[in-house]
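Structure, as structure tokens:
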Amino acid sequence: MPQPVLPALAEVIRSGFTEGRHRGSLVLLAADGTVEYALGAPDEPVFPRSTAKPFQAVATLRAGLVLDDELLALAASSHSAEAFHRAGVRSILAGAGLTEDDLRTPADLPLDRVEADLLLRSGGGPAPILMDCSGKHAGWLAACAANGWDTAAYLDADHPVQVLAREALEEATGERAAHVGTDGCGAPLLAVSLTGLARGYRALLLAAPGTPQRRVADAMRAHPEYVAGTRRADTWLMRAVPGSLSKMGAEAVQVVALADGRALAFKIDDGAERARGPVLAAALRRLGVEDEVLARIGAEPLHGGGAVVGEVRAAF
């Protein structure tokens, strides 16, 4: 059966000509959690990719792991592999009597282009700790060590830490996972809807102080550079908009919740990263956010002959 055509969330404008479109689905929630605006199919399941990490960090706390706030934020991160990220991952592992050799993240270069260039110029190369999910994996490993669970099998879907991660995601979103796959880091990947994800982030922010959910949200908001990096949009947004919680995921998934309960989630269907910023900025404006950081997040110029000749812009 043919799939319905999703609406354009972003347009590619070059020299005044519409060169292409990036389609997808989006949902905006009002402060009371009701749907305020939607495009596409936000109630259909998607793979949340790294936007699931806050719930996976909740699982480590429910397993009894004790982490300082910076390291808890790192356990929910898609980090840039800057020096403080690498030091934090090693600290989580060392506190549990583990090393980088215990990580089952695939060897990778830093997600941040500046960090990757610096590494390659210094003669370095891909390594498991540089993979943007190594903070999450370190948290899971430390939780395993604290409970005497098998650290070699921590990515198995029926491992105790993964059972806790699934419970945390399904509880927050109010949905049962529609499909189980494998994420880029090798972890189990559970499909839920964009509406569920937006409500899940809202639940993190509105949870009672001191609960695992609220602790993760508070740690991420207090230390956004550990969640992303010094040159990343999630960091810029959480620094500029008080109380906001923002997390990207691969394949152009994005979720944001605001302090009063408003929230948004979207996915660009073709996974185009260049559409993420313009769509995020436009969605935040539609939610009523007005801050100069949105111009920074939303800027996605197109170049021709070394000059700016167009842009990727939101289409809603």
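The values are calculated or read from the model by the stated rules, or taken from the named source; none is laboratory data. Treat the numbers as computed from the prediction; the structure is a model and nothing was measured. Don't worry about glycine lacking a Cβ; one is built from the backbone with ideal geometry, like all the others, and counts go over all protein chains shown. Just so you know, the surface numbers come from the protein's heavy atoms only, side chains and all, with ligands and any DNA or RNA stripped out. Shrake-Rupley method; radii C 1.70, N 1.55, O 1.52, S 1.80 Å.
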Pairs with Cβ under 7 Å, 6+ apart, first in region 116-131 and modelled with pLDDT under 95, second outside any loop (DSSP other than H, G, I, E, B) and open to solvent by less than 40 Å² (accessible area, probe 1.4 Å): none
In region 11-48, residue nearest to the chain's Cα centre (by Cα) [restricted to those that are open to solvent by 50 Å² or more (accessible area, probe 1.4 Å) and closer than 15 Å to residue 271 by Cβ]: 47
Subset of region 227-249 (residues that are under 9 Å from the mean Cα position of the chain (by Cα), under 21 Å from residue 84 (Cβ atoms) and not in a helix (DSSP H, G or I)): 228, 246, 247, 248
Subset of region 250-279 (residues that are assigned to a helix (DSSP H, G or I) and either over 22 Å from residue 231 (Cα atoms) or out of contact with any Gly (no Cβ under 7 Å at 6 or more places or on another chain) (or both)): 273, 274, 275, 276, 279
Matching residues in region 103-118 - criterion: being open to solvent by 40 Å² or more (accessible area, probe 1.4 Å) and either of a type in the set (Asp, Glu) or assigned to a helix (DSSP H, G or I) (or both): 108, 113, 114, 117, 118
Filtered residues of region 90-102 (kept if part of a helix (DSSP H, G or I), out of contact with any Asp or Glu (no Cβ under 8 Å at 6 or more places or on another chain), hydrophobic (A, V, I, L, M, F, W, C) and within 15 Å of residue 140 (Cβ to Cβ)): 92
Qualifying residues in region 49-82 (those that are within 19 Å of the chain's Cα centre (by Cα) and of a type in the set (Asp, Glu)) - the one least open to solvent (accessible area, probe 1.4 Å): 82
Test: residue in region 77-84 that is in contact with a strand residue (DSSP E or B) (Cβ under 8 Å, 6 or more places away or on another chain), over 26 Å from residue 245 (Cβ atoms) and outside any helix (DSSP H, G or I): no
Among residues of region 250-260, those that are over 9 Å from the mean Cα position of the chain (by Cα) and surrounded by fewer than 23 Cβ atoms within 10 Å (Cβ to Cβ), counted: 3
